[in-house]
1. Counting only DSSP beta bridges with both residues in the chain, what percent are antiparallel, rounded to the nearest 5?
2. Give, in nm to one decimal, the length gained when the segment between D112 and D170 is fully stretched (0.36 nm per residue of separation minus the Cα-Cα distance).
3. What value does the chain have for Rg/Rh, both radii from Cα atoms and Rh as Kirkwood defines it?
4. Identify, among G115, A75, T159, the residue whose Cα sits farthest towards the positive end of the charge dipole of the chain, taking +1 on the Cβ of Lys and Arg and -1 on the Cβ of Asp and Glu, with the dipole about the Cα centre.
5. If you take the beta carbon distance between W331 and L157 as r and set R0 to 45 Å, what does 1/(1 + (r/R0)^6) give as a FRET efficiency, to the nearest 0.05?
6. How far apart, in nanometres, would the label points at A256 and D231 be if each is projected 7 angstrom from Cα along the Cα-to-Cβ direction?
7. Considering only the other residues whose Cβ falls under 15 Å of the Cβ of Q98, what net charge follows from Lys and Arg at +1 and Asp and Glu at -1?
8. Can you give the relative contact order of region 190-332 as a percent, counting alpha carbon pairs under 8 Å and 6+ residues apart?
Amino acid sequence: MLAACGPGTQAETPSESAPSTPAVEQQQAPILTQTNVDVALECSGILEFANTATYAVLDRYLPSNVVTNIVNRRATAPFTSLADLSSVSLVGPTRLKQIEGGARTLDYIDADCVGILDGIAISRDDQTAIVALVNSIDDSELHDVLPDAWNGAVNLLNTRPFTTAQQIADTAGIGEVSFRNIRNSATLSRPLEALFAAVNAIPSNGSYGATTLRHFDWWNIASAGHAYRDDKTCFGLEPSSVPSGAAIRPNLADAAEVRAAVQNAVAYVNGNTLIPASVRTAGYANLDSLIAGRSFKGCIITYENDPWSRNTVHIYVDTVNGFSVMTETWWAE
């Protein structure tokens with residue numbers, strides 16, 4: 001928990017089948033899906049197959065009336081997402097999996113694309129991140145990531161550890177929205193996490209320090225008691241979640257408040273000098289993309305475990321999608 005005097009928590013003809021050689025930018029793309037899209041770059045061949053395969057080729061994998069609908073629609077505009085493809089009459093989850101099967105058979109996609117699960121096509125690296133998150137995430141964070149799927153959250157917690165994303169998607173109570181929320185939580189904040197890791201790696205001189213976290217158990221942190229001064233101000237929490245003795249602030253936090261807390265933690269340990277500018281720039285840009293226009297619940301906590309030190313903790317949790325950050329700064333005499 002939060003410690004004083006130191007850091008706290010921590011075979012077809014070419015014209016019919018063979019897709020073009022992946023572009024250089026695709027080969028050099030980020031490992032993980034880092035935007036809220038429904039097709040990972042490694043799975044983009046699914047859309048390429050739907051957009052370019054001939055009627056005859058598509059007809060091997062789909063009913064003719066479905067092929068007709070796809071070909072007629074793509075004549076007006078290419079498909080740009082699974083949601084776009086699903087808008088075609090008679091194209092539902094079963095047809096999407098058949099399209100995926102054709103794309104895989106004809107090498108539009110390979111093992112780097114796991115496939116379509118609950119409405120999104122994920123990469124192998126996405127799967128690794130998703131499994132790692134679900135196997136390690138704390139109860140309080142998972143329930144915030146899945147605000148409308150608490151039964152699903154409980155089932156995940158009771159069933160883990162998992163080895164595949166398919167197992168997670170197949171868990172009772174997990175559907176398209178909740179699985180996408182999990183994917184987003186696992187993959188969308190990696191530049192920010194790199195910034196946080198850089199902050200946490202700065203050695204302390206024993207007099208002050210900072211910790212920054214992306215994934216953490218906010219409830220245990222907020223509800224912990226401390227020996228001396230223990231001031232807590234919370235906002236946006238359900239009455240049953242308010243820590244004992246906490247003051248209630250009426251207004252939620254906004255993007256500016258969250259960014260200021262992160263910037264303060266970075267500056268507190270001279271991160272603006274010690275952390276490469278590229279890491280800081282990417283981290284802040286990622287943070288801004290995730291908090292713009294959002295509202296956050298959380299707590300601000302100041303405590304002392306002895307008269308010669310002080311820790312200050314800022315906790316922010318998106319009220320809709322559960323994206324969360326925590327900063328802690330401390331000093332000691």
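1. Here the share of antiparallel DSSP bridges comes out near 90 percent.
2. Here the answer is 18.8 nm.
3. Taking Rg over the Kirkwood Rh, I get 1.06.
4. A75
5. 0.75
6. Computed distance between label sites A256 and D231 equals 2.2 nm.
7. Numbers: positive: R60, R95, K97, R104; negative: D59, E100.
It works out to a net charge of +2.
8. Worked out over region 190-332, it gives 34 percent.
No lab work stands behind these numbers, since they all come straight from the coordinates. The structure displayed is predicted, hence computed values, not measured ones. Heads up, the Cβs are rebuilt from the backbone with ideal geometry, glycines too, and the neighbour counts pull from every protein chain shown.
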